[in-house]
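Notes follow the structure.
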Amino acid sequence: MGLRTAAMGDVRLDECVVPLENRLGPEGGGLALFSHAMEWERGLILAPALGAMQRLLELSRQRARERRQFDQPIGHFQLVSTKLVDMQLRLESARLLLYKVAWLKARERPAIMEAALAKLAVSESWVQSCEDALQLHGGQGYLSESGIERELRDALASRIYSGTSEIQRQVVAHWMGLA
């Protein structure tokens, strides 16, 4: 459905024996290793989405300036300008959350909750910005030539990989002392 540029495949390990000297950590330490890797992945895997969201915003701003209805650019209509403002707000919020994770990790500080918040916010924001861009482009946005429909398909996947949005909420709830 999406992510057509990402090479994917299956790996199958049957009767695989790993010599002690090739272990990544002590026996029983897999969860800690996995958690550390997921912290990095969740925190930064969606950094490219910022560029996609920026591109969608620019395309939509251009459309709002050029497309005319009732002898004026559609960007003059409050519902259109509000969508554009929301797209800008989501982009800036997503950027700040990702920067916070990167800042923490650069200082070798834990960022489990921050990474989950960033993953959740960026993936949800990317989907919503795609939907807004599609709406602002009308029928043209729905056509594959626009690229917006492909962007939406890729954004939808971001709510699933590296832990679903629901999992991210559970991680945050745990760090808040709720779960």
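The values are calculated or read from the model by the stated rules, or taken from the named source; none is laboratory data. Bear in mind that the values here come from a model prediction, so they are computed numbers and not experimental data. When we count neighbours, we look across all protein chains shown, and the Cβ atoms used for this are built from the backbone with ideal geometry, even at glycine. We work out accessible area using only protein heavy atoms, side chains counted, and drop any ligands, DNA or RNA first. Shrake-Rupley method; radii C 1.70, N 1.55, O 1.52, S 1.80 Å.
Side notes on the structure shown:
- Using just its DSSP H runs of length 4 or more, each adding -39500 (n - 2.57), the chain gives a mean residue ellipticity at 222 nm of -22500 deg cm²/dmol after division by all residues.
- In the chain, the portion of solvent-accessible area held by carbon and sulfur atoms comes to 58 percent [1.4 Å probe, whole percent, DNA, RNA and ligands not counted].
- Taking all protein chains into account, the per residue accessible area for the chain stands at 65 Å² (1.4 Å probe).
- Computed from phi, the 3J(HN,Hα) profile of segment 82-91 under the Karplus parametrisation 6.51, -1.76, 1.60 (θ = phi - 60°) reads 5, 4, 5, 5, 5, 4, 5, 4, 5, 4 Hz, with x in place of Gly and Pro.
- The long axis of helix 148-158 is offset from the longest Cα principal axis of the chain by roughly 30 degrees.
- Taken over segment 34-85, the convex hull of the Cα atoms encloses 69 Å³ per residue.
- 0 to 90° range, to nearest 10: angle between helix 47-66 axis and the chain longest Cα axis: 0 degrees
- Theoretical gain in end-to-end length, Q69 to R153 [0.36 nm per residue, Cα-Cα removed]: 27.3 nm
- Sequence-ordered 3J(HN,Hα) estimates for segment 30-40 from the Karplus curve with 6.51, -1.76 and 1.60 and θ = phi - 60° stand at x, 4, 5, 5, 4, 4, 4, 5, 5, 4, 5 Hz, glycine and proline given as x.
- Using a Förster distance of 25 Å, the FRET efficiency for L143-A37 (Cβ separation, nearest 0.05): 0.05
- Sites E15 and I160, calculated FRET efficiency, Cβ-Cβ separation with R0 35 Å, nearest 0.05: 0.70
- Computed from Cα positions, the angle between helix 112-142 and the longest principal axis of the chain comes to roughly 30 degrees.
- 20 Å Cα-Cα reach of K100 towards aspartates and glutamates, excluding residues that sit fewer than 8 places from it in its own chain: E39, E41, E92, E108, E114, E124
- The chain, dipole about Cα centre (Lys/Arg Cβ +1, Asp/Glu Cβ -1), debye to the nearest 20: 600 debye
- Matching label, Rg and Dmax of the Cα atoms in Å computed from the structure shown, candidates (1) 18.6, 64; (2) 20.2, 74; (3) 15.5, 47: (2)
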